[in-house]
Amino acid sequence: MRVYVPLTLPGLAEAYKTGLLGTGPFVAYAVTPALREWYLSDDIEELEYAALNRAALASLRLLAADAGATRRRVVVAADVPEGAAIADPDRALDPVVLGEVRVAGDVPLAKAASVHVDSDDAEADVTAAAEALEAADGGDDDAQFVVDGAEDHELLWFATQEISKLVGLGD
């Protein structure tokens, strides 16, 4: 099963150092039945893109909580065994946690398939979005517009071999 793990660049650096993408249980995003129903598509690539975007929003939340992190959203796509990631059926239709799953066990970074990171030119919009997130969550339409501005930036795709360069530990 493919899951999308929200991180920050410091979180990715830590995963690179420890060799662990996450220690269970931890939150990730995936194509869940509720996400399928919400997105109204049977195209698996579109559904995976929707799950990736949900993880990108969760990465933005991590940035909002860590003022010292570089203002670039990070999502790692990884493969876990079927049944290792479970959606909470009681919260499945809650729009805040749509596509959210709990990964039960440890996931080695070696299980990562790709890394998705904002480009440098997204940093100003991501910074503004992280600052506006709390107001947007409270229903402020202007703040939501700012948050949506970060979502307008496509995350760049990187091979897992490029992680060391992304976190400043390689050539």
field: Packing-based exposure ordering (other Cβ within 10 Å, fewest first) of Asp148, Asp90
entry: Asp90, Asp148
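So what is the relative contact order for the chain, in percent, with contacts set as C-alpha pairs under 8 Å and at least six apart? List each step's numbers first, then the result.
Values: 309 pairs, mean separation 49.0, N = 171.
Relative contact order, the chain: 29 percent.
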task: With +1 on each Lys and Arg Cβ and -1 on each Asp and Glu Cβ, and nothing else charged, work out how big the dipole of the range 2-159 is about its Cα centre, in Debye to the nearest 20.
output: 840
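Quick one: grab the alpha carbon gyration tensor of the range 59-108, order the square roots of its eigenvalues as a ≥ b ≥ c, and give me rounded if a/c is under 1.5, else prolate or oblate depending on whether a/b is larger than b/c.
Note, shape of the range 59-108 comes out oblate.
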query: Which order do Leu20, Leu57 fall in if you start with the one that has the fewest other Cβ atoms within 10 Å?
result: Leu20, Leu57
message: Run the Debye formula on the Cα coordinates of the chain, all scatterers equal and no solvent, and tell me log10 I(q)/I(0) at q = 0.09, 0.10, 0.12, 0.20 1/Å.
response: -0.28, -0.35, -0.51, -1.41
- prompt: Which of rounded, prolate, oblate describes the range 104-171, given a ≥ b ≥ c as roots of the alpha-carbon gyration tensor eigenvalues and a/c under 1.5 marking rounded, otherwise prolate only if a/b is larger than b/c?
  reply: prolate
query: Say each of Phe158 and Asp90 gets a label point 7 Å from the Cα, pointing the same way as Cα to Cβ; how far apart are those two points in nm?
result: 3.8
- request: Could you rank the peptides 58-65, 69-76, 31-38 by their average count of other C-beta atoms within 10 Å per residue, with the highest value first?
  value: 69-76, 58-65, 31-38
query: In a shell of Cβ-Cβ distance under 13 Å around Asp120, excluding Asp120 itself, what net charge do Lys and Arg (+1) and Asp and Glu (-1) give?
result: -1
statement: Membrane-span-like helices (DSSP H runs, Cα span along own axis at least 20 Å, mean Kyte-Doolittle at least 0.0) in the chain -> 44-65, 123-137
- request: Obtain the nm distance between the two label points defined at Arg36 and Asp121 by a simple spin-label model: each point lies 7 Å from its Cα along the Cα-to-C-beta direction.
  value: 3.8
- request: Tell me the Kirkwood hydrodynamic radius of the range 95-139 in angstroms, computed as one over the mean inverse distance between distinct C-alpha pairs.
  value: 14.0
- request: Calculate for the chain the 222 nm mean residue ellipticity that helices alone would give, adding -39,500 (n - 2.57) per DSSP H run of length 4 or more and normalising by residue count, nearest 500 deg cm²/dmol.
  value: -12500 deg cm²/dmol
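Here, each number is a calculation from the coordinates, and none is a lab measurement. Note that the structure is a prediction, hence the values are computed from the model and not measured. In this analysis, Cβ positions are derived from the backbone assuming ideal geometry, glycine residues included, and neighbour counts consider all displayed protein chains.
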